[in-house]
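> I am attaching a structure below and will ask some questions about it afterwards.
The values are calculated or read from the model by the stated rules, or taken from the named source; none is laboratory data. What you see is a predicted model; the values in this text were computed from it and never measured. Please note: Cβ atoms are built from the backbone with ideal geometry, for glycine as well, and neighbour counts cover all protein chains shown. We work out accessible area using only protein heavy atoms, side chains counted, and drop any ligands, DNA or RNA first. Shrake-Rupley method; radii C 1.70, N 1.55, O 1.52, S 1.80 Å.
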Amino acid sequence: MARRKTQTFSMSFLDVISCGFGAVVLFYTIISAQSGLNRIKSSSDLAAEARRLEEEVLEGYVHLAELRNALAESDEEKVRAAGLSREVLEKIRLTQEELARYQYDTLARRESLERLKADLKSLEEGTRRLKETAPPASGESKVRIADPQQLVTLRIAGQRVLVLIDASASMLDETVVNIIRLRNMPAERRISSAKWQQAVNTVEWVAARLPQSTQFQAYAFDTAARPLVEGSDGKWLNVRDSGQIQLALKALRSTAPTGGTSLHNAFAVIGKMSPAPDNVILITDGLPTQGDKPPLIRRLVTMEEREDLMKEAVRSLPPSPPPISIVLLPMEGDPSAPIFFWRLARTTGGGFLSPAKDWP
């Protein structure tokens with residue numbers, strides 16, 4: 001029997017090799033599939049993380065916008081606060097300067113009063129000496145009591161009487177400290193101040209003594225002049241019509257003093273009235289603080305400037321002004337006012353009165 005030939009690569013060996021190779025391929029295929037699944041899962045996780053980060057970035061943008069708006073508002077509030085701070089500091093500075101000036105004026109007024117007292121004492125001594133050397137009068141003289149309006153040296157008579165009443169802030173009180181305190185209070189409190197009520201009572205006193213045949217007009221003034229009876233600017237009112245007087249007094253009682261003082265604008269009313277007044281009664285408490293127009297820069301007015309404003313206001317009067325009678329209420333730190341107003345009253349032929357606190 002013939003022997004079979006030995007073969008190096010038999011079918012069985014090839015089968016074993018093929019099976020092994022297939023197992024390796026299958027192994028690598030399984031590993032590759034598992035790796036793909038891991039990559040897909042990892043990619044999904046990364047995508048979700050990316051979306052979460054994008055949302056956080058968007059939220060961050062929103063918060064950033066809010067923070068920017070808040071920062072802008074904070075900057076605006078800071079600017080407003082700085083402006084208010086500067087304004088408050090400026091008011092404090094002006095108030096301090098005003099107080100210092102009025103303290104200086106008060107000292108000057110005291111010195112002026114001391115000089116006036118010395119002059120009065122000298123005059124009284126001279127009068128006493130004259131009485132001692134004067135010859136005795138023959139017969140017994142009789143004392144005659146004059147009419148009340150003559151006692152206070154105010155001329156109420158006339159065909160056309162114009163009343164000018166100062167309604168500036170200084171009419172609230174005699175002292176600067178109280179004026180500063182009262183001018184920031186409500187209108188009701190300013191109206192009820194003692195000094196302003198004395199001014200209102202003075203106007204009522206004048207109105208009660210106007211002759212029935214007289215025409216009248218009443219203006220209140222601070223930095224501008226305005227008629228007490230609305231719609232009567234430049235027109236005369238009749239004393240016979242008591243309703244018109246009551247309207248004027250009612251408007252005056254509801255007027256709250258405020259602002260500065262412009263005698264220039266008050267005196268302009270004299271030239272506005274047609275026909276012109278033949279008697280003017282001015283109720284005020286001191287020299288003006290402003291001319292016909294407000295200053296470009298708000299600041300304290302010195303005593304010298306107030307005297308110049310008074311001279312300017314007097315120069316603005318008509319060439320032949322009517323008699324101007326002055327009722328000068330007291331005011332701290334204004335020693336020159338009595339001199340200027342007494343001179344104005346004497347030059348125009350009017351009267352001058354510096355009343356007591358309980359008048360009229």
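> Within the range 239-293, how many residues turn out to be over 30 Å from the mean Cα position of the chain (by Cα) and either within 14 Å of A199 (Cα to Cα) or among the hydroxyl-bearing types (S, T, Y) (or both)?
Of the residues in that region, 2 qualify.
> Out of S141, S112, report the one residue that is modelled with pLDDT under 90 and open to solvent by 80 Å² or more (accessible area, probe 1.4 Å).
S141
> Output yes when any residue across the range 279-296 is assigned to a helix (DSSP H, G or I) and small (G, A, S), and no when none is. Break it down stepwise before answering.
The initial filter retains those residues of the range 279-296 that are assigned to a helix (DSSP H, G or I), namely none.
Among the residues of the range 279-296, not one is assigned to a helix (DSSP H, G or I) and small (G, A, S), which makes the answer no.
> Tell me whether the range 150-159 contains one or more residues that are surrounded by fewer than 19 Cβ atoms within 10 Å (Cβ to Cβ) and modelled with pLDDT of 90 or more.
Yes, the range 150-159 has at least one match.
> Now, a different point. If you go through the range 274-304 one residue at a time, how many are open to solvent by less than 60 Å² (accessible area, probe 1.4 Å) and more than 24 Å from I156 (Cα to Cα)? Step through it out loud before you land on a result.
So in the range 274-304, the residues open to solvent by less than 60 Å² (accessible area, probe 1.4 Å) come out as 276-291, 300-303.
Of the ones still in play, those that are also more than 24 Å from I156 (Cα to Cα) are 288-291, 300-303.
Selection size over the range 274-304: 8.
> While we're here: Considering the range 194-238 alone, what residues qualify as being farther than 13 Å from A251 by Cα and of a type in the set (A, V, I, L, M)?
Of everything in the range 194-238, those that are farther than 13 Å from A251 by Cα and of a type in the set (A, V, I, L, M) turn out to be A194, A199, V206, A207, A208, L210, A224, A225, L237.
Every residue, every condition in (1) of a type in the set (A, V, I, L, M, F, W, C); (2) assigned to a helix (DSSP H, G or I), yes or no:
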site	(1), (2)
P275	no, no
R298	no, no
V301	yes, no
E305	no, yes
V314	yes, yes
P321	no, no
I339	yes, yes
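> Which of the residues spanning the range 193-225 are in a helix (DSSP H, G or I), β-branched (V, I, T) and within 25 Å of the chain's Cα centre (by Cα)?
Within the range 193-225, just V200 meets the criteria.
> Suppose we filter the range 172-185 for residues that are in contact with a helix residue (DSSP H, G or I) (Cβ under 6 Å, 6 or more places away or on another chain) and either at pLDDT 95 or above or of a type outside the set (A, V, I, L, M) (or both); how many remain?
2
> Would you confirm whether or not the range 121-130 contains a residue that is at pLDDT 80 or above and either assigned to a loop (DSSP other than H, G, I, E, B) or β-branched (V, I, T) (or both)?
no
> Then there's this: Check E188 against each of (1) assigned to a helix (DSSP H, G or I); (2) closer than 24 Å to A266 by Cα; (3) at pLDDT 90 or above and name the one condition it does not meet.
(2)
> Spot the failing condition for D15; the list is (1) at pLDDT 80 or above; (2) charged (D, E, K, R); (3) over 30 Å from M303 (Cβ atoms), and only one is missed.
(1)
> For the range 331-353, which residues satisfy the criterion of being open to solvent by less than 40 Å² (accessible area, probe 1.4 Å) and not aromatic (F, W, Y)?
Within the range 331-353, M331, G333, D334, P335, S336, A337, L344, A345, T348, G350, G351, L353 qualify.
> Which pairs do you get when a residue that is open to solvent by 20 Å² or more (accessible area, probe 1.4 Å), found in the range 210-222, comes within reach of a residue that is among the hydrophobic types (A, V, I, L, M, F, W, C), reach meaning Cβ atoms under 6 angstrom, with the pair 6+ apart or on two chains?
Taking only residues 6 or more apart or on different chains, the pairs are Q212/V239; Q215/W236.
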